[in-house]
């Protein structure tokens, strides 16, 4: 018999645990979430010490300050993770929901019920809080979870995962339901995403490179998340003051996140009135601007945008700006360069609002609001495991129901098919 | 600039058409379906002539009779395709359905609406009627469709696709919405399933080999369909007469389809009473039996089952039979060898019925009925594009709603995020 790899062994163990976990009651799962939250707080010194070791390696390897900040844990951040687990405990359990049903003419009763997906693999980068978030959401939705975090955070992630695993098992969650891949080998990801016999879905969370690699190479179904080249289109009829507030918020309030704006599109008829003050405000806030020729003519600080700029998710205080002839050109630009995440129009025109929402193909399409609202918590879902930018299975912010599948139960009295 | 391949050109054209098709009204789509149905009937002599050429090539290449039967078109079969299109026209349009929505505390109104997936690629084998079925369901659900049929049916499929395309375009469906890949090259499939920039989903319909190849190599999201190693478990308390009818129907009524039973599991306490008459009935119906040792002891005509038998979707009048100690062993056997399609228990015991439906992980789990009912028409969906055996996006019989995604529309009055 062929020896199986460590990763295959873990994937197999998760798939066995998943069968049991699917039938664990909501009560047990909720108690486990409380116990996990408590364990995080009790073990915070251990977790902080492991995190300190990761931080030191990071500094030695010349990690950027912004990355170090994402990696760093504090007492407050650990308490926030615990609070997140408690909140997930309070959300309603999607498993067991009767979605629909009917009695057929032949007397068969067909019931469609919500069931866990089975095994969810999460592949993520620097932030250790993803470990706790993913475990909480997967356990609550009855899924076994396989965690593969970034090598920069390996000690922090391992500490969090081991604390959560012990607490969960003690509270009645089947052994094997939480699998942490303790490897910094990049080949581990490649191996993991070929385990289609054991894994039901893989969710990559991280940069465009990671996500593309997973999509191109996975034989396990993938949910693409979080790449956002988001646009705001300021239409001819926009209220300039409203447009300025929305466009400023969409770029500046938190530029590193996926729902931040990367490109501002402005109708040519309002550009001379709207853009000079807008560009000035951006420059004062430290935003570097890359613009089309017409935009550059309005402000000498604007650099020339290249074709590449329109496709770039800057993720920082940089912005591309383009003046367009009309709504159609704005929609065409978004279709060409957008990533189907979040798109906004600022307008007073009923028809243009309607056309924009109908024709723009994206997870979230806004009229007169900032794209920054695309978020599971803002939408009132109480949780978020990622923002899907694909169309299959889930689109937009994903919460607990998006971590489930369905099955049909058919109850008869001896029916056979004629 | 690099020259793009014929297939890439068609995928790109489909993705452009999909944007327009997404906003075509239900009225136009329904008229187009009627026109397509009429065109099929009007052009039946052309289609029959092309099909005759395929049949002749098939015979020359030594195609089996059962395959030739699947390939063959008749006036009646063309009329049935047309009738199918008319029926899809009468189903309600899933696009535009408002799935849910709410007004948030900050006044933003969030509405989740159903939208087309975009571009659906269907890769299928011998039966030319799939061409018409797939086009009808995709057009009704607002999706552009890329068709890649089997080489044995290339002339029939091309004829049907061209008749449908002309009729659809004349009725207002955007040009490019129906793309037929006119190639018998196997590499065409390989190329097609890497077009993730243009295609939103690929649905393979055919044998296990085709489906595995697509799952292993596609960078486009896949919906796995139709592989069914289905079981019926006759529990200790089963009514023997009911069990016999169900087990006979599940195997014999149409053995070539995916919801037919491949393995009969029998509780050891009822086996001596139940199996002799059952096995005799199968043998009289020409069913070849492969059984475990205990089954062979009951009837000399039973051949020895190998490990491979338990994994095999025979698709014909062959059946494997195993006597098991109890419910747990039956459930474990199904978990090990099943394909998560359709599974049945025959029992009078409330607890065993409940446990079987809870613990068996499959698209359709039956109590006291034949697995043959897993079908979009039988379930009352009015259509079927395939039966999903995966958990992501859709599970079980897929009809029009399963060919859609959603988008969030967010309407504000200037909201920005704090």
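Translational diffusion of the range B:230-373, estimated by Stokes-Einstein from the Kirkwood radius over alpha carbon pairs at 20 °C in a medium of 1.002 mPa s, is 148 µm² per second. For chain A, find the longest principal axis of its Cα atoms and tell me its angle to the long axis of helix A:327-337, 0 to 90°, nearest 10. Long axis of A:327-337 versus the principal axis of chain A: about 50 degrees. Here the scattering of chain A is modelled by Debye summation over its C-alpha atoms, one equal scatterer each and no solvent; at q = 0.07, 0.13 Å⁻¹ the log10 of I(q)/I(0) is -0.40, -1.11. The label point for residue A:90 and the one for residue A:280, both projected 7 Å from the Cα toward the Cβ, are 4.6 nm apart.
Using the Cβ-Cβ distance between residue B:111 and residue B:170 with R0 set to 35 Å, the FRET efficiency works out to roughly 0.50. The residue B:59 and residue B:351 beta-carbon pair, evaluated with R₀ = 41 Å, returns a calculated FRET efficiency of approximately 0.15. Nearest 5 percent is fine: what portion of the DSSP beta bridges confined to the protein assembly as shown is antiparallel? The antiparallel proportion sits near 30 percent. For chain B, the longest principal axis of the Cα atoms and the long axis of helix B:154-170 meet at an angle of about 40 degrees. Full extension of the chain segment joining residue A:237 with residue A:80 gains 52.2 nm, where the gain is 0.36 nm per residue of separation less the Cα-Cα distance.
With the simple spin-label model, which puts each label point 7 Å out from Cα in the Cβ direction, the residue B:183 to residue B:4 separation comes to 1.4 nm.
Of all chain A residues, the one whose Cβ lies closest to the rotation axis that maps A onto B, given with that distance rounded to whole Å, is A:393, 2. Averaging the Cα positions of each part gives two centres, and for the range B:298-339 and the range B:200-274 these lie 11 Å apart. Kirkwood analysis of the Cα pair distances in the range B:51-179 returns a hydrodynamic radius of 16.6 Å. Principal semi-axes of the equivalent ellipsoid, √(5λ) from the alpha carbon gyration tensor of the protein assembly as shown, are 47, 36, 22 Å from largest down.
For residue A:166, the label point sits 7 Å beyond Cα toward Cβ; its separations from the matching points on the remaining copies run 7.5 nm, from shortest to longest.
Note on residue A:336/residue A:254: beta-carbon distance plugged into 1/(1 + (r/R0)^6) with R0 of 22 Å gives a FRET efficiency of 0.25. Percent of C-alpha pairs per 10 Å bin in the range B:178-279, short distances first: 13, 31, 19, 17, 13, 6. Between residue B:49 and residue A:97, the modelled label-to-label distance comes to 5.6 nm, taking each label 7 Å out from Cα in the direction of the beta carbon.
Take residue A:185, move 7 Å from Cα toward the beta carbon, and the resulting point lies 3.8 nm from the same point in each other copy, nearest first. I'd like the orientation of helix A:240-252 relative to chain A: the angle between its Cα long axis and the longest Cα principal axis, in ° from 0 to 90, rounded to 10. Approximately 50 degrees, to the nearest 10. Counting other Cβ atoms within 10 Å as a rough exposure proxy, the listed residues A:200, B:299 run B:299, A:200 from fewest neighbours to most. The spacing between the range A:1-55 and the range B:109-184, judged by their C-alpha centroids, is 45 Å. Rounded to the nearest 5, the antiparallel percentage of DSSP beta bridges internal to chain B is 30%. Listing B:266, A:189, B:222 from fewest to most neighbouring C-beta atoms within 10 Å gives A:189, B:222, B:266. Take residue A:240, push a point 7 Å out from Cα through the beta-carbon direction, and compare it with the same point in every other copy: 9.2 nm, smallest first.
Taken together, the values in this text are just the output of simple stated rules run on the coordinates, not laboratory data. This one's a predicted model, so the numbers in the text were calculated from it and none came from an experiment. Using ideal geometry, Cβ is built from the backbone for each residue, glycine included, and neighbour counts are taken over all protein chains shown.
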